[in-house]
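Asks: Please see the structure below; I have some questions.
The values are calculated or read from the model by the stated rules, or taken from the named source; none is laboratory data. All values reported here derive from a predicted model rather than from experimental measurement. Virtual Cβ from ideal backbone geometry, glycine too; neighbours counted across all protein chains shown.
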Amino acid sequence: MITVNKLKEYEEYQGYYDGFYLQKVKYGKNLISDMEWKMVSDLTQDIRLVQRNLASKEFVNKLNMKILERCDSQDAIKYLEEIAAKGW
């Protein structure tokens, strides 16, 4: 489940997994798992497509369902969209 705290950790490294791995995962200090990191990365990429009007209505509907299933709160959804808008 994607939470605001996990998104903060993702944002701290601007989506750069190698830096995150070397400083957090290697020492067991990470909040977000590898699978969740990939999920956030994929979702932010998909959200960027929607934000740029490059997605079909069907894609948008499926993405919205995915986001609702994978985020634990509306705050997490909003934060995920903010991270996507940064476009690292």
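Asks: Kindly indicate whether GLU36 is out of contact with any Ser or Thr (no Cβ under 7 Å at 6 or more places or on another chain), closer than 20 Å to LYS78 by Cβ, without any contact (Cβ under 8 Å) to a residue 12 or more places away in the chain and not small (Gly, Ala, Ser).
Replies: Numbers: out of contact with any Ser or Thr (no Cβ under 7 Å at 6 or more places or on another chain): yes; closer than 20 Å to LYS78 by Cβ: yes; without any contact (Cβ under 8 Å) to a residue 12 or more places away in the chain: no; not small (Gly, Ala, Ser): yes.
Criteria not met by GLU36.
Asks: Here's something else I'd like to know. Looking at the structure I just gave you, is ILE32 outside any helix (DSSP H, G or I) and under 20 Å from MET1 (Cβ atoms)? Full working, then the answer.
Replies: On the way: outside any helix (DSSP H, G or I): yes; under 20 Å from MET1 (Cβ atoms): yes.
So ILE32 fits the description; yes.
Asks: Please enumerate the residues belonging to the stretch 1-12 that are surrounded by 13 or more Cβ atoms within 10 Å (Cβ to Cβ) and in a loop (DSSP other than H, G, I, E, B).
Replies: Hit for the stretch 1-12 is THR3, nothing else.
Asks: Those residues that are without any contact (Cβ under 8 Å) to a residue 40 or more places away in the chain, among the small types (Gly, Ala, Ser) and within 21 Å of TYR17 (Cα to Cα), I need them from the stretch 39-88; list them, please.
Replies: Of everything in the stretch 39-88, those that are without any contact (Cβ under 8 Å) to a residue 40 or more places away in the chain, among the small types (Gly, Ala, Ser) and within 21 Å of TYR17 (Cα to Cα) turn out to be SER41, ALA85, GLY87.
Asks: Report whether or not LYS38 is in a helix (DSSP H, G or I), modelled with pLDDT of 95 or more and either within 10 Å of the chain's Cα centre (by Cα) or of a type in the set (A, V, I, L, M, F, W, C) (or both).
Replies: yes
Asks: Can you tell me which residues in the stretch 13-42 are touching a helix residue (DSSP H, G or I) at 6+ places or on another chain (Cβ under 8 Å), surrounded by 13 or more Cβ atoms within 10 Å (Cβ to Cβ) and of a type outside the set (Ser, Thr, Tyr)?
Replies: Within the stretch 13-42, GLY15, PHE20, LYS24, VAL25, ASN30, LEU31, ILE32, GLU36, TRP37, MET39, VAL40 qualify.
Asks: Across the stretch 43-88, what is the total count of residues that are loosely packed, with under 13 Cβ neighbours inside 10 Å and under 9 Å from the mean Cα position of the chain (by Cα)?
Replies: So the count comes out to 1.
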